[in-house]
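Below: one structure, written as structure tokens.
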Amino acid sequence: MESSALNIDLLPLEVLPRDLSAYRSGNVGVEYVHRFESGVAGPHVLVNALTHGNEFCGMVAACHLLDNGIRPRIGTLTVSFSNVAAYESFDPVRPFESRQITHNFNRIWSSDWLDGDQDSVELRRARAMRPVVAAADHLLDLHSTSQDVAPFWVYPAHSRNAALASALAQPEIHLVMPQGIGSGVPLIEHGGFGLAKGTGIGLVAECGQHFKRSSSDLAIAVTLDFLGHFGLIDREPTRPGPHRRLELLRTHVIASPDFAFVRPLVGFETFARDELIAIDGHDEIRAPCDDCTVMMPTRAPIVGREGVYLTRPI
């Protein structure tokens with residue numbers, strides 16, 4: 001039985017970190033947060049990068065907006081870099097180690113965490129960014145994946161999210177969460193973004209493998225499409241093609257250091273109902289349905305972190 005997914009530590013690093021110190025001061029009193037108001041009525045859109053420190057595509061897209069002086073023709077545009085501390089810890093010899101310092105920045109957006117008494121780099125940063133997120137009408141959170149798989153959207157199963165993701169040409173795959181992510185509260189479910197009766201659209205775009213140039217190129221395109229959809233920039237829409245939708249059934253959090261998949265997985269493999277997917281100590285993780293599609297299988301099992309998402313086609 002294999003202990004992890006395929007070894008991808010030796011993938012070429014086509015994108016590397018750049019110095020972000022020029023953008024540290026920001027302009028709203030929160031480091032690495034920049035807001036631009038058009039003076040014309042319209043939505044307030046937040047584009048967020050570096051939720052995880054080694055997911056460089058968002059950094060490239062955010063820098064594209066800032067470097068090129070892109071400003072909203074209506075409404076307000078905010079551009080943020082989140083976990084810069086993790087980003088600055090990047091070591092090309094261990095490129096997957098800079099995902100986070102202590103906590104997963106994308107699982108702590110509940111009042112229990114934000115108003116609790118624990119402390120970490122990620123919690124301090126989330127608390128500082130809380131009013132930034134609350135001020136936004138709509139949110140695009142840019143991510144990437146450890147494995148080289150097809151890009152996909154991730155969003156709570158609100159019709160407003162599905163409508164916007166379906167209106168954009170890419171990514172073509174949607175991961176829909178009817179009951180949340182099951183391992184914490186992500187940024188796109190914070191506050192009104194997580195409410196069924198809310199109006200704010202919150203989407204994660206998983207743009208491809210962390211260190212591939214194509215992931216950064218897609219992140220730029222998705223960001224411009226997102227801003228164009230809301231009229232913040234002039235952007236001719238591309239007609240969307242057919243979309244593939246998957247529903248999240250279960251997020252398995254690793255309980256044992258002996259966690260292992262039955263075979264190497266990278267994501268999007270399918271299993272028949274009750275087929276064995278992994279062993280976690282004394283527990284067997286089996287497919288809950290036919291055509292069960294695994295997503296984001298861990299490449300290096302760590303107790304307390306997510307091991308695999310189990311989904312079904314919609």
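The values are calculated or read from the model by the stated rules, or taken from the named source; none is laboratory data. Just so it is clear, the model here is predicted, and its values are computed rather than measured. Reconstructed Cβ throughout: ideal geometry from the backbone, glycine too, with neighbour counts over all protein chains shown. SASA here: full protein model, heavy atoms, side chains in, ligands and nucleic acids out. Shrake-Rupley method; radii C 1.70, N 1.55, O 1.52, S 1.80 Å.
What is segment 125-231 by shape, rounded, prolate or oblate, if you read a ≥ b ≥ c off the alpha carbon gyration tensor as root eigenvalues and call it rounded for a/c under 1.5, prolate for a/b larger than b/c, and oblate otherwise? Walk me through the numbers before you get to the answer.
Numbers: a/c = 1.45, a/b = 1.36, b/c = 1.07.
Rounded, because the longest to shortest axis ratio a/c is under 1.5.
Let me check I've understood the local charge: for Thr78, count other residues with C-beta under 11 angstrom from its C-beta, Lys and Arg +1, Asp and Glu -1. What total comes out?
Details: positive: Arg35; negative: Glu37, Asp137.
Around Thr78, the surrounding residues sum to -1.
Using Cα pairs closer than 8 Å and at least 6 residues apart in sequence, work out the relative contact order for the chain, in percent. Show your work: numbers first, answer last.
Working: 741 pairs, mean separation 63.5, N = 314.
With pairs under 8 Å counted, the relative contact order is 20 percent.
Shape call for segment 163-210 from the C-alpha gyration tensor, a ≥ b ≥ c root eigenvalues: rounded (a/c under 1.5), prolate (a/b greater than b/c) or oblate? Display every interim value, and only then the final one.
Details: a/c = 2.05, a/b = 1.31, b/c = 1.56.
Oblate is the answer for segment 163-210, as a/c is 1.5 or above yet b/c matches or exceeds a/b.
Stokes-Einstein at 10 °C, 1.306 mPa s, Kirkwood radius from Cα pairs: D for segment 194-240 in µm² s⁻¹? Don't jump to the answer; show the numbers that get you there.
Details: Rh = 12.4 Å.
Value of D from the Cα-based Kirkwood radius: 128 µm²/s.
Which of the peptides 64-76, 189-201 is most tightly packed, and how do the rest follow, going by the mean number of other Cβ atoms within 10 Å of each residue? Please report the intermediate quantities before stating the final value.
Values: 64-76: 15.4, 189-201: 17.2.
Result, highest mean first: 189-201, 64-76.
Per residue of the chain, what 222 nm ellipticity follows from adding -39500 (n - 2.57) for every DSSP H run with n ≥ 4, rounded to the nearest 500?
Values: 6 runs with 62 residues, N = 314.
It comes out at -6000 deg cm²/dmol, rounded to the nearest 500.
Determine the gain in length on full extension of the stretch Asp115-Arg71; use 0.36 nm per residue of separation and subtract their C-alpha separation, reporting nm with one decimal.
Values: separation 44, 0.36 × 44 = 15.84 nm, distance 3.40 nm.
Taking Asp115 through Arg71 to full extension adds about 12.4 nm, to one decimal.
Can you tell me how segment 29-141 classifies by the Cα gyration tensor, rounded, prolate or oblate, using a/c under 1.5 as the rounded cut?
On the way: a/c = 2.73, a/b = 1.36, b/c = 2.01.
Note, shape of segment 29-141 comes out oblate.
By how many nm would the segment from Glu14 to Ile101 grow when fully extended, if each residue of separation counts as 0.36 nm and the alpha-carbon distance is taken off? Intermediate results must be reported in sequence, preceding the final value.
Numbers: separation 87, 0.36 × 87 = 31.32 nm, distance 2.35 nm.
Working it through step by step, the gained length comes to 29.0 nm.
Rounded to two decimal places and with Rh computed the Kirkwood way over Cα pairs, what is Rg over Rh for segment 234-278? Walk me through the numbers before you get to the answer.
Numbers: Rg = 17.2 Å, Rh = 14.6 Å.
Ratio of gyration radius to Kirkwood radius: 1.18.
Relative contact order for segment 251-314: what is it in percent, counting Cα pairs under 8 Å that are at least 6 residues apart? Display every interim value, and only then the final one.
Details: 142 pairs, mean separation 25.2, N = 64.
So the answer I get is 39 percent.
Anything in the chain that counts as a DSSP H helix reaching 15 Å or more along its axis (C-alpha) with Kyte-Doolittle mean of at least 0.0? List them, would you?
Numbers: long enough: 56-67 (16 Å, 1.50); 121-135 (22 Å, 0.16); 213-229 (24 Å, 0.49).
Long hydrophobic helices here: 56-67, 121-135, 213-229.
Could you check how much of the accessible area of segment 38-100 is carbon and sulfur, as a whole percent, using a 1.4 Å probe? List each step's numbers first, then the result.
On the way: 920 of 1980 Å².
Taking all protein chains in place, segment 38-100 shows 47 percent carbon and sulfur surface.
Report the calculated FRET efficiency for Asp291 and Glu31 (r = Cβ-Cβ distance, R0 = 51 Å), to the nearest 0.05.
Numbers: r = 45 Å, r/R0 = 0.89.
Using R0 = 51 Å, I get an efficiency of 0.65.
Given 20 °C and 1.002 mPa s, how large is the Stokes-Einstein diffusion coefficient of segment 253-305 in µm²/s, with Rh as the Kirkwood radius over Cα pairs?
Estimated via Stokes-Einstein, D reaches 190 µm²/s.
Suppose all protein chains stay in the model; what accessible area per residue would a 1.4 Å probe give for segment 126-191, in Å²? Walk me through the intermediate numbers first.
Working: 1950 Å² over 66 residues.
Here the per-residue accessible area is 30 Å².
What would the Debye equation give as log₁₀ I(q)/I(0) for the chain at q = 0.08 Å⁻¹, counting only Cα atoms as equal point scatterers?
Results for the chain at q = 0.08 Å⁻¹ read -0.34.
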